[in-house]
Amino acid sequence: MRKLKMTLVVLLALAAAMPAAARAKAQVEQNTATAPQGRAKYVFLFIGDGMAMAQISSTEVYTTARSSRDISITKLGFTRFPVSGLTTTYDAGTFITDSASAVTAIATGNKTLSGVINMDPAKKQSFKTIAEYAHEAGMKVGVVSSVTLDHATPAGFFAKVPSRSNYYDIEVQMVKSGFEYFAGGGLLQPTGKDKDQADVIQMARDAGYTYINTRDAFNALRPGAGKVLAINATLQDSGSLPYELDRRSGDLSLADYTRKGIELLSDNDRGFFLTVEGGKIDWACHANDAGAAINDVIAFDNAIKVAVDFAQAHPQDTLIVITGDHETGGMTIGFAGTQYETFFDRVALQKKSFIAFNQEVLSPYKRNTPKAQAKLADLLPQIKDAFGLDYNDLSKFQQEQLEFAFQRSMGDEIERSVAEDQYLLYGGYEPLTVKITQIMNQTAGIGWTSYAHTGVPVSTFAMGVHQELFGGYYDNTDIFKKMASAMNLSL
Ligand SMILES: [Zn+2]
């Protein structure tokens, strides 16, 4: 014990005396000493947008609470991975990154400003992505997302734009990338912002892509299909896949898109790089809807399980990396009103996401009900049905909060003087719906601090070839370096 302590002291002193470059080299040598030999030939990068430890841990508590009163957690598939790390997410301009600068860091190893994809903060120089390096090295490349394919996170693997909202430019660059597989959500501006540009879908066809937008055509795809652009038949809000909570049975899931990606891309001597984004974990957390977020973490985990099955058949060649790009919502386990208690079984009562409730219940009600006749009582049965929230079980204070939010949802213009408290109370969302999910979450013991992202680190998990590179506490830019090293890419 004493000898070990002495050795540690000496090592620490040596490490402190070593210059950074030598330390990095020693680190690499130490890693290669324990790592399996060879190159990661089949590489998966799963990104949970807005997913940090609170989202992961809530899902684990929820999964247990559904079936038992035990104080324990049921681990997800990916939280059982042999290696885990912590990853800082600050960008070039703020401690609280957005998805554009976060993906730039992960995909290229460079920090930039929020809103910028794969360009430097001055928006002059552009950066090459891990997917482009992989493609050049002969690997096939796939990009899957549950939100639109031109959204910041998927775009970060093929596009370089000064602004993440240059959707058309991103789509054109997607087609030009020549990557073999794009799948999931839709495209926001396929004929440009003013609908006066060349159609990107046609452009993709001209470039040799097979364009698919039905389930049957998708299921019929076989290896040798060539380059594929597959958009889900059902799109929910802003061109995205439905929340897992709202997905109808038989509709394609993130796991289906991952499985097909493997099937189409693995038909290659040099292997593949497949990135899969669970993009709506973030959207649900922006809206403070824990039920929708948790179910999307489960869908994300199910997609990862497909990759794990593949890895089991190719253990010497496969690397799977899971990370988040940032935390969203300031979610936590614990709320002032419930103190040390949690009631996560209540989350299981939720049957619709906030967006489905808006689209199916609240919007039609607002359209069809004259303001003078509108009353919260009309919606209580649907609220109970969608969220398991019984008005009569709520405290007087909570009932008043719901009434107040209902009035705000039914009102039209908000006076300037109340704009600030309107934002603090409801963000940019439907006041009634956000208040329902907040009360729901609070009774379960889940708290929120924001409708935006937060600056806490995320968790990264790895299994497979060169998994050991991903242990420790490091920056999101290091994920690029670690993957490149595992894939033996010459940068
Ligand atoms: Zn976000």
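The values are calculated or read from the model by the stated rules, or taken from the named source; none is laboratory data. Just so we're clear, the structure is a prediction, and the values are computed from it rather than from any experiment. Neighbour counts are summed over all protein chains in view; Cβ atoms, including those assigned to glycine, are modelled from backbone coordinates with ideal geometry. The area values use the complete protein model at the heavy-atom level, side chains included, leaving out ligands, DNA and RNA. Shrake-Rupley method; radii C 1.70, N 1.55, O 1.52, S 1.80 Å.
Summary of computed values
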quantity	calculated
Unmet criterion (only one of (1) touching a residue at least 12 places away in the same chain (Cβ under 8 Å); (2) more than 23 Å from Ile231 (Cα to Cα)) for His135	(2)
Residue ID - farthest from Trp283 (Cα to Cα), chosen from residues in region 145-177 that are assigned to a helix (DSSP H, G or I) and among the hydroxyl-bearing types (Ser, Thr, Tyr)	Ser177
Within region 402-428, tally of residues that are at pLDDT 90 or above, part of a helix (DSSP H, G or I) and touching a helix residue (DSSP H, G or I) at 6+ places or on another chain (Cβ under 9 Å)	11
Pairs where the first residue, in region 216-235, is free of Cβ contacts under 8 Å to residues at least 24 places away in the same chain and loosely packed, with under 10 Cβ neighbours inside 10 Å and the second is part of a loop (DSSP other than H, G, I, E, B) and not β-branched (Val, Ile, Thr), C-beta under 6 Å, 6+ apart	none
Answer residue from region 366-387, given it is open to solvent by less than 30 Å² (accessible area, probe 1.4 Å) and in contact with a Leu (Cβ under 9 Å, 6 or more places away or on another chain) and is farthest from Ala348 (Cα to Cα) among those	Leu376
Thr443 among the polar types (S, T, N, Q) and part of a helix (DSSP H, G or I)	yes
Qualifying residues in region 297-313 (those that are closer than 13 Å to Gly48 by Cβ and not aliphatic (A, V, I, L, M)) - the one nearest to the ligand (Cβ to nearest atom)	Phe300
Any hit, region 352-371, residues being assigned by TED's automatic domain parsing to the domain that holds Met440, aliphatic (A, V, I, L, M), in contact with a Lys or Arg (Cβ under 7 Å, 6 or more places away or on another chain) and under 16 Å from Thr437 (Cβ atoms)	no
Residue in region 109-137 that is nearest to the ligand (Cβ to nearest atom), counting only those that are touching a Gly at 6+ places or on another chain (Cβ under 8 Å) and not hydrophobic (A, V, I, L, M, F, W, C)	Ser114
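Each row is one residue, and each column tells you yes or no for (1) more than 16 Å from the ligand (Cβ to nearest atom); (2) under 30 Å from Asp385 (Cα atoms); (3) open to solvent by 10 Å² or more (accessible area, probe 1.4 Å).
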{"site": "Glu420", "(1), (2), (3)": "yes, no, yes"}
{"site": "Glu430", "(1), (2), (3)": "yes, yes, yes"}
{"site": "Met440", "(1), (2), (3)": "yes, yes, no"}
{"site": "Ala444", "(1), (2), (3)": "yes, yes, no"}
{"site": "Gly455", "(1), (2), (3)": "no, no, yes"}
{"site": "Ala462", "(1), (2), (3)": "yes, no, no"}
{"site": "Val465", "(1), (2), (3)": "yes, no, no"}
{"site": "Phe470", "(1), (2), (3)": "yes, no, no"}
{"site": "Asp475", "(1), (2), (3)": "yes, no, yes"}
